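Undergrad: Below you will find the structure I want to go over with you.
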Amino acid sequence: MKLILLGAPGAGKGTVAKLLTKIDGSVQISTGDILRAAVAAGTELGKQAQAAMKAGDLVSDDLIMGIMKERLQEDDCKSGYLLDGFPRTIPQAEALKKLLDKMGEKLDAAVEIDVPRDIILDRLTTRRTCAGCGAIYNIKSNPTKVEGICDKCGESVVQRDDETEEAISNRLNVYNDQTASLVGFYKEEGLLLSVDATSSDSVINAIKAKIG
């Protein structure tokens, strides 16, 4: 599978990607992961990305595309890849199309996981994270045995600053402003698969039905 996963923060892209990798050995690739890997590996592009991030600047599209090109040519991508949270803008989508054309590759689909805003807000504002080991809980669907204390390591379980209702509303607005236009781009390309789904299984089934 060669897929792009589109969807707002909290739509469940990461969960769907993990389930898909088990089906055919495709690798999950997120921009954050490849940037961190390039920085850790000390590649030339990694050093440039690190300098930009240290200065508090956004990493340029050219730099991200350079690192993405290197990543997509690694051996583990031969069995397929799932682009999670990339591209984020129309210029990145156009650059990715050119890159894949040069590599002689085609995407199978751009999958939009369309989850209602109120469900995303509820899902993320009820999430809690252990300050010690990073374990994730949900005060409704997966609470700790003792309120506020991690089951695994006994440290405090807290609400992250970026998971308050105000912060999440802001993240969703940014997503709609910057990234939602990609849905139209991939619709015109004939690659869009839009799934109205609140469960990961229904997304997986829709993808299987489309690309076999």
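Undergrad: Work the Kirkwood hydrodynamic radius out for the stretch 81-128: mean of 1/r over every pair of different alpha-carbon atoms, inverted, in Å.
TA: Taking every pair of different Cα atoms in the stretch 81-128, averaging 1/r and inverting gives 13.3 Å.
Undergrad: With Cβ to Cβ distances under 9 Å as the rule, what net charge do the other residues near Thr144 carry (K, R +1; D, E -1)?
TA: 0
Undergrad: Based on the mean of other Cβ atoms within 10 Å per residue, sort peptides 132-142, 5-15 so the most packed one is first.
TA: My ranking of the peptides, most packed first, is 5-15, 132-142.
Undergrad: Take the residue pairs Lys22/Lys98; Lys22/Lys97; Lys78/Lys145; Lys47/Lys152; Lys78/Lys152; Lys140/Lys187 and return only those whose Cα atoms are more than 32 Å apart.
TA: Violating the 32 Å Cα-Cα cut-off are Lys78/Lys145; Lys47/Lys152; Lys78/Lys152; Lys140/Lys187.
Undergrad: Once Rh for the chain is found with the Kirkwood sum over Cα pairs, what is the Stokes-Einstein diffusion coefficient at 4 °C and 1.567 mPa s, in µm²/s?
TA: 70
Undergrad: Further question on the same structure: Calculate, for the chain, the solvent-accessible area per residue in square angstrom, rolling a 1.4 angstrom probe over the heavy atoms of the protein chains.
TA: On a per-residue basis, the chain sits at 54 Å².
Undergrad: Sticking with this structure for a sec: I'd like the distance separating the alpha-carbon centroids of the stretch 142-212 and the stretch 90-138, in whole Å.
TA: If we compute the Cα centre of each part, the gap is 7 Å.
Undergrad: Could you tell me which of Gly10, Ile67, Leu82 has its Cα farthest along the dipole of the chain towards the positive end, charges placed at Cβ (Lys, Arg +1; Asp, Glu -1), taken about the Cα centre?
TA: Farthest towards the positive end: Leu82.
Undergrad: Something else about it: Share of the chain's accessible area from carbon and sulfur, percent, 1.4 Å?
TA: The nonpolar share, carbon plus sulfur, comes to 49 percent.
Undergrad: In nanometres, what is the gap between the two model label sites at Lys47 and Glu74, each 7 Å from Cα along Cα-to-Cβ?
TA: Spacing of the two 7 Å Cα→Cβ label points: 2.0 nm.
Undergrad: Say R0 is 41 Å: what FRET efficiency, to the nearest 0.05, do Lys145 and Leu100 get from their beta-carbon distance?
TA: Working from the Cβ atoms, E equals 0.30.
Undergrad: For the stretch 1-124, what does the alpha-carbon gyration tensor say about shape, rounded, prolate or oblate, given a ≥ b ≥ c as the root eigenvalues, a/c under 1.5 as rounded, and a/b over b/c as prolate?
TA: Oblate shape, in that a/c is at least 1.5 and b/c is the bigger or equal ratio.
Undergrad: If you don't mind, there's one more thing I want to ask. Using label points projected 7 Å from each Cα along Cα→Cβ, tell me how many nm separate Ser199 and Ser169, to one decimal.
TA: 3.2
Undergrad: If a/c stays under 1.5 just call it rounded; otherwise compare a/b with b/c (prolate if a/b is bigger, oblate if not). Do that for the stretch 126-212, with a ≥ b ≥ c from the square roots of the Cα gyration tensor eigenvalues.
TA: oblate
Undergrad: Counting only the heavy atoms of the protein chains, how much of Ile168 is accessible to a 1.4 Å probe, in Å² to the nearest 10?
TA: Only protein atoms counted, so the area is about 0 Å².
Undergrad: A further question follows. What order do Phe86, Phe185 take when sorted by accessible area (1.4 Å probe), most exposed first?
TA: Phe185, Phe86
Undergrad: If you find the alpha carbon centre of the stretch 1-57 and of the stretch 65-87, how far apart are they in angstrom?
TA: With the stretch 1-57 and the stretch 65-87 each reduced to a Cα centre, they are spaced 9 Å.
Undergrad: Obtain the nm distance between the two label points defined at Asp57 and Arg117 by a simple spin-label model: each point lies 7 Å from its Cα along the Cα-to-C-beta direction.
TA: It works out to 3.4 nm between the two label points.
Undergrad: Report D for the stretch 1-55 in µm² per second (integer): Stokes-Einstein, Kirkwood Rh on Cα pairs, 20 °C, 1.002 mPa s.
TA: Rounded, D is 166 µm²/s.
Undergrad: Counting Lys and Arg as +1 and Asp and Glu as -1, what is the net charge of the other residues whose Cβ lies under 13 Å from the Cβ of Met1?
TA: Here the charged neighbours net out to +2.
Undergrad: How much length would be gained if the chain were fully extended between Thr126 and Asn138, taking 0.36 nm per residue of separation minus their Cα-Cα distance, in nm to one decimal?
TA: Result for the pair: 3.8 nm of gain on full extension.
Undergrad: Now a separate question. With the Cα gyration tensor of the stretch 35-98 giving a ≥ b ≥ c as the square roots of its eigenvalues, does the rule (a/c under 1.5 for rounded; else a/b larger than b/c for prolate; else oblate) give rounded, prolate or oblate?
TA: Oblate is the answer for the stretch 35-98, as a/c is 1.5 or above yet b/c matches or exceeds a/b.
Undergrad: Between Arg160 and Ala209, what length in nm is gained on full extension when 0.36 nm per residue of separation is reduced by their alpha carbon distance?
TA: 13.9 nm
The values are calculated or read from the model by the stated rules, or taken from the named source; none is laboratory data. Since the model is a prediction, treat every value here as computed from it, not as a measurement. As a convention, Cβ positions derive from the backbone with ideal geometry for all residues, glycine included, and neighbour counts pool all protein chains shown. Just so you know, the surface numbers come from the protein's heavy atoms only, side chains and all, with ligands and any DNA or RNA stripped out. Shrake-Rupley method; radii C 1.70, N 1.55, O 1.52, S 1.80 Å.
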